[in-house]
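The values are calculated or read from the model by the stated rules, or taken from the named source; none is laboratory data. Just so it is clear, the model here is predicted, and its values are computed rather than measured. Cβ: placed from backbone, ideal geometry, glycine included. Neighbour counts: every protein chain shown. For accessibility, only protein heavy atoms count, side chains too; no ligands or nucleic acids. Shrake-Rupley method; radii C 1.70, N 1.55, O 1.52, S 1.80 Å.
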Amino acid sequence: MINTFINLISIVFPIFIIILIGFIWNKFNNNLNEEEIIKLITWIGAPCLIFDTLININISYSLLKDIVSIAIILTFLMLIFSMVIIKIFKEPVRALINPMTFQNSGNLGLTICLFSFGQVGLELAVIYFMVTSVLHFTLGLSIWSGNLSLKHLLKAPVVYAVLLGLLINYNDLKLPIAISNTTTVLAGITIPLLLLTMGTSIAKINFKIETKIVFLTLTRTLLALILAYLLTIFFKIDGVAQKIILMQGVLPAPIFTYMFASQYKVSPEKVANYLMTSTLISIITITVFLTILI
């Protein structure tokens, strides 16, 4: 029991310390420009992290294909079920469909998987993050903007990082060390920036606890876990890969949802309430989940 607690602290403590640093930084009137940081992550950090992982990844293409398939299927299943659940709870669909469909596979997911399962865990989590990032910045943005357009796909840097990374890996090409070292260093800025930005963003969000939002969050978590588990059984995935996929079910809504809701003026207060509620609840769900795993 003591060993489990120590292992859990070693995983969770660094994450919340970095988030806390971002939170405190904002409270001392150090106005960090989240929009610029997100641009840095979107255009440089995340694409480099995905590209660097893909060119160095050492897993079977069968497992890679299965994780990508599960990520796509689970996202669309959550989109459909979330729409039904939101309507049952009589909440605004356009405001909450993205926060309920997507999870924080970047800020929290990558870090937790790295600290819990090491480099292998990070590589598998990056694959999942890769898929959800492409979907979030295409399908998700189309929902936020109210305009279904392929231009979101063409403007998403992660798409080109995925295609180029897979091309290099599949053909077993060797990049010059100077280039690979550059992408590795740039990839390293992603996780710290994601966590710091999460802290500064939370510091700026005003929210109130709503009973319906709490039940929405709990329903979403339970449903995502069940669907994720059934998909891993169907695809016959076990071990660390299964744990990485199940982890997606207990993660909260991504910070990006609040920023996009504010940008497109889609009930940002409602999105903030869901985001903060899901984040607070995830502290419990992630802790329980990791306790069971380790």
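Okay, residues lined up against (1) aromatic (Phe, Trp, Tyr); (2) more than 25 Å from residue 48 (Cα to Cα):
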| residue | (1), (2) |
| --- | --- |
| 192 | no, no |
| 198 | no, no |
| 213 | no, yes |
| 223 | no, yes |
| 229 | yes, yes |
| 249 | no, yes |
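Scanning region 237-265 for residues that are over 29 Å from residue 38 (Cβ atoms) and out of contact with any helix residue (DSSP H, G or I) (no Cβ under 8 Å at 6 or more places or on another chain) returns a single hit, 239.
Of all residues in region 44-78, which are closer than 23 Å to residue 224 by Cβ, open to solvent by 30 Å² or more (accessible area, probe 1.4 Å), in contact (Cβ under 8 Å) with a residue 12 or more places away in the chain and not hydroxyl-bearing (Ser, Thr, Tyr)?
Residues satisfying the conditions are 63, 68, 72, 73, 77.
For every residue, the table says whether it meets (1) open to solvent by less than 20 Å² (accessible area, probe 1.4 Å); (2) outside any loop (DSSP other than H, G, I, E, B).
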| residue | (1), (2) |
| --- | --- |
| 240 | no, yes |
| 245 | yes, yes |
| 252 | yes, no |
| 258 | no, yes |
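The residues of region 55-94 that are under 17 Å from the mean Cα position of the chain (by Cα) and among the β-branched types (Val, Ile, Thr), listed by number, are 67, 68, 70, 72, 73, 75. Of the residues making up region 100-114, those that are more than 12 Å from residue 133 (Cβ to Cβ), among the hydrophobic types (A, V, I, L, M, F, W, C) and either surrounded by 24 or more Cβ atoms within 10 Å (Cβ to Cβ) or in contact with a Ser or Thr (Cβ under 7 Å, 6 or more places away or on another chain) (or both) are 100, 108, 112, 113.
Residue 163 fulfils the conditions (1) in contact (Cβ under 8 Å) with a residue 40 or more places away in the chain; (2) open to solvent by 30 Å² or more (accessible area, probe 1.4 Å) except for a single criterion, (1).
No other residue among 219, 190, 183, 200 is surrounded by fewer than 20 Cβ atoms within 10 Å (Cβ to Cβ) and hydroxyl-bearing (Ser, Thr, Tyr) apart from 219.
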